[in-house]
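Visitor: The following block contains the structure, expressed as structure tokens.
Coordinate-derived values only; no laboratory data. Source: prediction; values computed, not measured. All Cβ positions, even for glycine, are placed from backbone atoms using ideal geometry, and neighbour counts span all protein chains on display.
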Amino acid sequence: MIPAAVGDEIVAHARSGLPNEACGILAGTGERVERFYAAEPDSPSPFYYRIESRDQIRIMNAIDDEGLELVGIYHSHVSSPAYPSRTDAEQAFWPEAVYVIVSLAGGGADVRGFRILDMDVTEEPLQIV
């Protein structure tokens with residue numbers, strides 16, 4: 001479950017990253033998102049994302065300090081659907097995380113979640129409340 005305010009923050013961050021993909025980490029407890037951490041991309045691109053390693057460490061330390069856990073990883077797609085690309089699936093290193101993708105194709109914002117394990121992609125319905 002993603003609180004509406006956090007969902008709005010994620011979409012705003014995705015739009016602010018244009019023309020490149022944006023990325024971040026979602027933290028919370030269980031399946032409830034409580035915080036969104038915007039991340040710096042390691043090499044800005046409109047075609048893929050990778051969180052800069054020092055920023056990832058900073059975010060993971062903040063999550064630990066707050067007593068939360070990593071529950072999701074988010075990134076945007078600039079002009080393709082909200083579905084993991086082959087590269088997204090190859091780089092899905094957190095099998096317990098929900099991978100949230102915000103597609104900005106066509107000027108809207110389609111937000112969808114996925115579980116990815118060994119290149120197997122399964123949609124995870126998101127509740128934004």
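Visitor: Quick one: which residues, 5 or more positions from Asp42 or on another chain, have an amide H under 5 Å from its amide H? H modelled 1.01 Å from N in the peptide plane, none for Pro or chain starts.
Guide: For Asp42, whose amide H was placed from the backbone, the distant partners under 5 Å are Arg50, Ile51, Glu52.
Visitor: For the stretch 64-111 and the stretch 35-59, what is the centre-to-centre distance using only Cα atoms, to the nearest Å?
Guide: One Cα centre to the other: 12 Å.
Visitor: Counting DSSP beta bridges in the chain, what percent are antiparallel, to the nearest 5? Provide the component values of the computation, followed by the final result.
Guide: Details: 24 of 31 bridges.
Counting only bridges with both partners in the chain, antiparallel ones make up about 75 percent.
Visitor: Given points 7 Å out from each Cα along the Cα-Cβ axis, report the Arg86 to Arg32 separation in nanometres with one decimal.
Guide: Label-label distance for Arg86 and Arg32, simple model: 4.1 nm.
Visitor: How many percent of Cα pairs in the stretch 1-42 exceed 16 Å? Mind dumping the intermediate values first?
Guide: Working: 302 of 861 pairs.
So the portion of pairs separated by more than 16 Å is 35 percent.
Visitor: Let me ask another. For the chain, max minus min Cα coordinate along each principal axis, in Å, sorted largest first?
Guide: So the extents along the principal axes, rounded to whole Å, are 38, 31, 30.
Visitor: In sequence order, what are the phi-derived ³J(HN,Hα) couplings for the stretch 120-129 according to the Karplus relation 6.51 cos²θ - 1.76 cosθ + 1.60 with θ = phi - 60°, rounded to whole Hz, with x for glycine and proline?
Guide: These are the phi-based 3J(HN,Hα) values: 8, 9, 10, 5, 10, x, 9, 10, 10, 10 Hz.
Visitor: Okay, next question. With a cut-off of 8 Å between alpha carbons and a minimum separation of six or more residues, what is the relative contact order of the stretch 1-59 in percent? Let's see the in-between values first.
Guide: Values: 87 pairs, mean separation 17.7, N = 59.
About 30 percent, as a whole number.
Visitor: Ser43 to Thr122: extension gain in nm, 0.36 nm per residue of separation minus the Cα-Cα distance?
Guide: The span from Ser43 to Thr122 would gain 25.7 nm if fully extended.
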